[in-house]
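The values are calculated or read from the model by the stated rules, or taken from the named source; none is laboratory data. Source: prediction; values computed, not measured. Virtual Cβ from ideal backbone geometry, glycine too; neighbours counted across all protein chains shown. When the accessible area is computed, the model is the full protein with side chains, heavy atoms only, and any ligands, DNA or RNA have been set aside. Shrake-Rupley method; radii C 1.70, N 1.55, O 1.52, S 1.80 Å.
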Amino acid sequence: MAIELFSIGTELVLGQIQDTNAHWIAQQILQIGGELRRVTMLRDNREEMSAALDSAIERETSLILTTGGLGPTPDDMTVEVVASLIGMKPVVSEETVAEYRKRREMPENDVVSEALMKMATVPETAIVLQNPAGWAPCVSVAHKSSTIMMLPGPPREMKAVFKTHIQPLIAERYRAEITTARVHVNMFEAEVSPLMQKVMERYPDVYLKAYVSLRNADGDTMPVDLVSTSTDKADAETQLELATYYFRELVVEAGKRFSLNDEQ
(Lines give C-alpha, C1' and ligand atoms only; values in the text may rest on other atoms or scores of the structure.)
Protein backbone atom coordinates (compact mmCIF):
# COMPACT_ATOMS: atom_id res chain seq x y z
CA MET A 1 0.00 0.00 0.00
CA ALA A 2 2.75 2.41 -1.02
CA ILE A 3 2.43 6.20 -1.18
CA GLU A 4 4.33 8.54 -3.50
CA LEU A 5 4.56 12.32 -3.27
CA PHE A 6 5.12 14.78 -6.12
CA SER A 7 6.01 18.39 -5.29
CA ILE A 8 5.13 20.48 -8.33
CA GLY A 9 6.69 23.86 -9.06
CA THR A 10 9.60 25.09 -11.16
CA GLU A 11 10.58 27.36 -8.28
CA LEU A 12 11.22 24.25 -6.14
CA VAL A 13 13.39 22.56 -8.75
CA LEU A 14 15.40 25.75 -9.24
CA GLY A 15 15.97 26.07 -5.50
CA GLN A 16 14.22 29.44 -5.25
CA ILE A 17 11.88 28.05 -2.60
CA GLN A 18 12.65 25.22 -0.18
CA ASP A 19 10.26 22.27 -0.37
CA THR A 20 9.15 22.31 3.27
CA ASN A 21 5.85 20.66 2.27
CA ALA A 22 7.51 17.36 1.38
CA HIS A 23 9.46 17.26 4.65
CA TRP A 24 6.32 17.91 6.69
CA ILE A 25 4.19 15.41 4.77
CA ALA A 26 6.85 12.71 5.08
CA GLN A 27 6.89 13.20 8.87
CA GLN A 28 3.10 12.99 9.06
CA ILE A 29 2.88 9.84 6.95
CA LEU A 30 5.45 8.10 9.14
CA GLN A 31 3.59 9.07 12.32
CA ILE A 32 0.26 7.87 10.90
CA GLY A 33 1.76 4.56 9.86
CA GLY A 34 1.82 4.95 6.08
CA GLU A 35 4.64 3.88 3.77
CA LEU A 36 6.05 6.75 1.73
CA ARG A 37 8.04 5.14 -1.07
CA ARG A 38 9.20 8.09 -3.15
CA VAL A 39 9.35 11.92 -3.13
CA THR A 40 9.83 13.73 -6.45
CA MET A 41 10.08 17.42 -7.41
CA LEU A 42 8.73 18.39 -10.83
CA ARG A 43 8.87 21.51 -12.97
CA ASP A 44 5.67 23.11 -14.25
CA ASN A 45 5.94 21.18 -17.48
CA ARG A 46 3.03 19.15 -18.87
CA GLU A 47 5.09 16.41 -20.48
CA GLU A 48 7.34 15.89 -17.46
CA MET A 49 4.43 15.92 -15.01
CA SER A 50 2.40 13.50 -17.10
CA ALA A 51 5.32 11.09 -17.56
CA ALA A 52 6.17 11.10 -13.85
CA LEU A 53 2.59 10.54 -12.69
CA ASP A 54 1.98 7.86 -15.33
CA SER A 55 5.11 6.06 -14.13
CA ALA A 56 3.78 6.07 -10.55
CA ILE A 57 0.49 4.62 -11.79
CA GLU A 58 2.34 1.90 -13.72
CA ARG A 59 4.21 1.05 -10.49
CA GLU A 60 0.74 0.42 -9.02
CA THR A 61 1.29 3.05 -6.36
CA SER A 62 -1.78 2.92 -4.16
CA LEU A 63 -1.89 6.60 -3.17
CA ILE A 64 -0.28 9.38 -5.22
CA LEU A 65 -0.14 12.80 -3.58
CA THR A 66 0.70 16.02 -5.41
CA THR A 67 1.25 19.48 -3.96
CA GLY A 68 1.10 22.66 -6.00
CA GLY A 69 -0.22 23.64 -9.39
CA LEU A 70 -3.83 24.23 -8.33
CA GLY A 71 -3.77 28.04 -8.43
CA PRO A 72 -5.12 30.52 -11.00
CA THR A 73 -1.93 31.34 -12.92
CA PRO A 74 -0.90 29.87 -16.33
CA ASP A 75 1.79 27.66 -14.77
CA ASP A 76 -0.80 25.99 -12.51
CA MET A 77 -1.62 22.94 -14.60
CA THR A 78 -1.88 19.94 -12.26
CA VAL A 79 -5.62 19.44 -12.84
CA GLU A 80 -5.25 19.67 -16.63
CA VAL A 81 -2.38 17.18 -16.64
CA VAL A 82 -4.18 14.66 -14.42
CA ALA A 83 -7.45 15.02 -16.36
CA SER A 84 -5.61 14.32 -19.62
CA LEU A 85 -3.69 11.43 -18.09
CA ILE A 86 -6.85 9.62 -16.95
CA GLY A 87 -8.79 10.48 -20.10
CA MET A 88 -11.33 12.83 -18.51
CA LYS A 89 -12.24 16.40 -19.42
CA PRO A 90 -11.89 19.24 -16.90
CA VAL A 91 -15.22 20.59 -15.63
CA VAL A 92 -16.21 23.29 -13.15
CA SER A 93 -17.17 21.92 -9.73
CA GLU A 94 -20.47 23.66 -8.99
CA GLU A 95 -20.15 22.52 -5.38
CA THR A 96 -16.90 24.45 -5.10
CA VAL A 97 -18.36 27.54 -6.76
CA ALA A 98 -21.26 27.42 -4.31
CA GLU A 99 -18.73 27.18 -1.47
CA TYR A 100 -16.92 30.25 -2.82
CA ARG A 101 -20.19 32.20 -2.91
CA LYS A 102 -21.11 31.12 0.60
CA ARG A 103 -17.73 31.97 2.14
CA ARG A 104 -17.53 35.32 0.35
CA GLU A 105 -21.19 36.09 1.02
CA MET A 106 -21.69 36.77 -2.67
CA PRO A 107 -25.17 37.41 -4.11
CA GLU A 108 -26.30 34.89 -6.72
CA ASN A 109 -26.06 37.43 -9.56
CA ASP A 110 -22.45 38.35 -8.77
CA VAL A 111 -19.95 36.97 -11.29
CA VAL A 112 -17.33 34.57 -9.92
CA SER A 113 -13.88 35.69 -11.07
CA GLU A 114 -11.91 33.81 -13.71
CA ALA A 115 -9.25 32.99 -11.13
CA LEU A 116 -11.75 31.33 -8.80
CA MET A 117 -13.38 29.47 -11.69
CA LYS A 118 -10.01 28.01 -12.67
CA MET A 119 -9.40 26.85 -9.10
CA ALA A 120 -12.86 25.26 -9.11
CA THR A 121 -12.07 23.24 -12.26
CA VAL A 122 -11.52 19.50 -11.71
CA PRO A 123 -11.49 16.27 -13.74
CA GLU A 124 -15.12 15.28 -14.37
CA THR A 125 -14.95 12.09 -12.25
CA ALA A 126 -13.19 13.76 -9.30
CA ILE A 127 -14.21 13.76 -5.68
CA VAL A 128 -13.81 17.35 -4.49
CA LEU A 129 -12.81 17.98 -0.86
CA GLN A 130 -13.07 21.61 0.18
CA ASN A 131 -10.07 23.55 1.43
CA PRO A 132 -10.67 24.85 4.99
CA ALA A 133 -7.84 27.40 4.72
CA GLY A 134 -7.99 28.66 1.12
CA TRP A 135 -9.76 28.47 -2.22
CA ALA A 136 -8.21 25.65 -4.26
CA PRO A 137 -9.84 22.40 -3.08
CA CYS A 138 -8.25 19.00 -2.64
CA VAL A 139 -9.08 16.96 -5.75
CA SER A 140 -9.18 13.15 -5.70
CA VAL A 141 -9.44 10.81 -8.70
CA ALA A 142 -9.17 7.04 -9.06
CA HIS A 143 -7.33 5.53 -12.02
CA LYS A 144 -6.41 1.87 -12.45
CA SER A 145 -5.15 0.73 -9.02
CA SER A 146 -4.13 4.24 -7.91
CA THR A 147 -5.82 7.12 -6.15
CA ILE A 148 -4.39 10.54 -7.06
CA MET A 149 -5.02 13.30 -4.54
CA MET A 150 -4.03 16.86 -5.49
CA LEU A 151 -3.26 19.29 -2.65
CA PRO A 152 -2.68 23.06 -2.83
CA GLY A 153 0.92 24.28 -2.57
CA PRO A 154 0.82 27.09 0.05
CA PRO A 155 1.99 25.38 3.28
CA ARG A 156 -0.84 26.68 5.49
CA GLU A 157 -3.46 25.41 3.05
CA MET A 158 -1.63 22.15 2.38
CA LYS A 159 -1.43 21.36 6.10
CA ALA A 160 -5.11 22.14 6.65
CA VAL A 161 -6.14 19.94 3.71
CA PHE A 162 -3.80 17.12 4.76
CA LYS A 163 -5.07 17.06 8.34
CA THR A 164 -8.72 17.31 7.29
CA HIS A 165 -8.81 14.89 4.35
CA ILE A 166 -5.57 12.95 3.81
CA GLN A 167 -4.61 11.98 7.35
CA PRO A 168 -7.89 10.14 8.11
CA LEU A 169 -7.68 8.32 4.77
CA ILE A 170 -4.14 7.08 5.39
CA ALA A 171 -5.01 6.07 8.95
CA GLU A 172 -7.99 4.06 7.69
CA ARG A 173 -6.63 2.51 4.50
CA TYR A 174 -2.85 2.38 4.76
CA ARG A 175 -2.03 2.27 8.44
CA ALA A 176 0.82 0.16 9.74
CA GLU A 177 2.13 0.01 13.29
CA ILE A 178 5.49 1.77 13.56
CA THR A 179 7.81 1.70 16.56
CA THR A 180 11.12 3.56 16.75
CA ALA A 181 14.19 3.68 18.95
CA ARG A 182 17.35 5.79 18.88
CA VAL A 183 20.68 4.38 19.98
CA HIS A 184 24.20 5.84 20.02
CA VAL A 185 27.45 4.18 18.96
CA ASN A 186 31.05 5.45 19.12
CA MET A 187 31.73 4.34 15.55
CA PHE A 188 32.24 5.99 12.19
CA GLU A 189 29.65 5.47 9.48
CA ALA A 190 31.91 3.17 7.47
CA GLU A 191 32.41 0.99 10.57
CA VAL A 192 28.78 0.74 11.60
CA SER A 193 27.21 0.33 8.14
CA PRO A 194 28.08 -3.40 7.76
CA LEU A 195 26.59 -4.05 11.21
CA MET A 196 23.40 -2.19 10.31
CA GLN A 197 23.14 -4.26 7.15
CA LYS A 198 23.40 -7.49 9.17
CA VAL A 199 20.56 -6.33 11.43
CA MET A 200 18.31 -5.48 8.47
CA GLU A 201 19.06 -8.82 6.82
CA ARG A 202 18.02 -10.69 9.95
CA TYR A 203 15.03 -8.39 10.68
CA PRO A 204 13.79 -7.15 7.25
CA ASP A 205 10.90 -5.20 8.80
CA VAL A 206 13.32 -3.03 10.78
CA TYR A 207 15.07 -0.13 9.04
CA LEU A 208 18.27 1.42 10.43
CA LYS A 209 19.59 4.89 9.65
CA ALA A 210 22.80 6.49 10.95
CA TYR A 211 22.98 10.29 11.30
CA VAL A 212 26.53 11.44 10.67
CA SER A 213 25.53 15.11 10.91
CA LEU A 214 24.16 14.57 14.44
CA ARG A 215 27.36 13.28 16.04
CA ASN A 216 27.77 14.79 19.50
CA ALA A 217 29.87 17.89 20.08
CA ASP A 218 33.02 15.85 20.71
CA GLY A 219 32.41 13.77 17.60
CA ASP A 220 32.54 10.73 19.84
CA THR A 221 29.14 9.09 19.38
CA MET A 222 26.69 8.96 16.50
CA PRO A 223 22.92 8.38 16.71
CA VAL A 224 21.30 5.49 14.82
CA ASP A 225 17.55 5.15 14.48
CA LEU A 226 15.77 1.80 14.28
CA VAL A 227 12.26 1.86 12.76
CA SER A 228 10.12 -1.27 13.03
CA THR A 229 7.00 -1.66 10.86
CA SER A 230 4.23 -4.25 11.11
CA THR A 231 0.47 -4.60 10.85
CA ASP A 232 0.46 -5.52 14.53
CA LYS A 233 1.74 -3.20 17.25
CA ALA A 234 2.99 -5.99 19.51
CA ASP A 235 4.88 -7.55 16.61
CA ALA A 236 6.46 -4.19 15.70
CA GLU A 237 7.62 -3.74 19.29
CA THR A 238 8.98 -7.30 19.48
CA GLN A 239 10.89 -6.96 16.21
CA LEU A 240 12.34 -3.64 17.40
CA GLU A 241 13.46 -5.14 20.70
CA LEU A 242 15.11 -8.12 19.00
CA ALA A 243 16.80 -5.96 16.37
CA THR A 244 18.09 -3.52 19.00
CA TYR A 245 19.49 -6.37 21.09
CA TYR A 246 21.20 -7.92 18.05
CA PHE A 247 22.63 -4.54 17.02
CA ARG A 248 24.01 -4.06 20.53
CA GLU A 249 25.66 -7.50 20.37
CA LEU A 250 27.35 -6.66 17.07
CA VAL A 251 28.63 -3.28 18.27
CA VAL A 252 29.98 -4.65 21.55
CA GLU A 253 31.55 -7.58 19.71
CA ALA A 254 33.39 -5.01 17.57
CA GLY A 255 34.81 -3.50 20.76
CA LYS A 256 32.71 -0.32 20.60
CA ARG A 257 30.25 1.40 22.94
CA PHE A 258 26.48 1.17 22.50
CA SER A 259 23.84 3.07 24.44
CA LEU A 260 20.10 3.64 24.16
CA ASN A 261 18.86 7.20 23.86
CA ASP A 262 17.62 7.27 27.45
CA GLU A 263 21.04 6.10 28.67
CA GLN A 264 22.82 9.24 27.38
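Which angle between 0 and 90 degrees, to the nearest 10, do you get for helix 189-202 versus the longest principal axis of the chain when only C-alpha atoms count?
80
Mind grabbing the base-10 log of I(q)/I(0) for region 16-136 at q = 0.16, 0.19 Å⁻¹? Debye formula, identical points on the C-alpha positions, no solvent, two decimal places.
-0.92, -1.19
How far, in degrees from 0 to 90, does helix 233-253 lean away from the longest principal axis of the Cα atoms of the chain, to the nearest 10?
Once rounded, the angle reads 40 degrees.
Above 14 angstrom, tally the Cα pairs of region 5-50 and express them as a % of all pairs, no decimals.
51
I want to check the label-to-label distance for residue 232 and residue 103. Put each point 7 Å from Cα in the C-beta direction and report it in nm to one decimal.
Inter-label distance under the simple model: 4.5 nm.
First compute the accessible area of region 65-189 with a 1.4 Å probe, then give the percent of it belonging to carbon and sulfur atoms.
Whole-percent figure for carbon plus sulfur exposure: 52.
For the charge dipole of region 80-219, defined by +1 on Lys and Arg C-beta atoms and -1 on Asp and Glu C-beta atoms about the Cα centroid, which residue among 113, 192, 150 has the Cα displaced farthest towards the positive pole?
192
Might you tell me the accessible area per residue for region 81-237, computed with a 1.4 Å probe and given in Å²?
52
In nm, to one decimal, how far is the modelled label at residue 156 from the one at residue 242, with both set 7 Å along Cα→Cβ?
Roughly 4.9 nm, to one decimal.
How large is the dipole of region 137-258 about the Cα centre if only Lys and Arg carry +1 and Asp and Glu carry -1, each at its Cβ, rounded to the nearest 20 debye?
500
Working only with C-alpha atoms, what are the Rg and Dmax values of region 155-242, expressed in angstrom?
In order Rg, Dmax, the Cα atoms of region 155-242 give 16.7, 45 Å.
May I ask for the equivalent-ellipsoid semi-axes of region 22-80, computed as the square root of five times each C-alpha gyration tensor eigenvalue and listed largest first in whole Å?
In descending order the semi-axes read 22, 15, 9 Å.
Given all pairs of different Cα atoms, what value in angstroms does the Kirkwood hydrodynamic radius of the chain take?
Over the chain, the inverse of the mean reciprocal pair distance is 20.7 Å.
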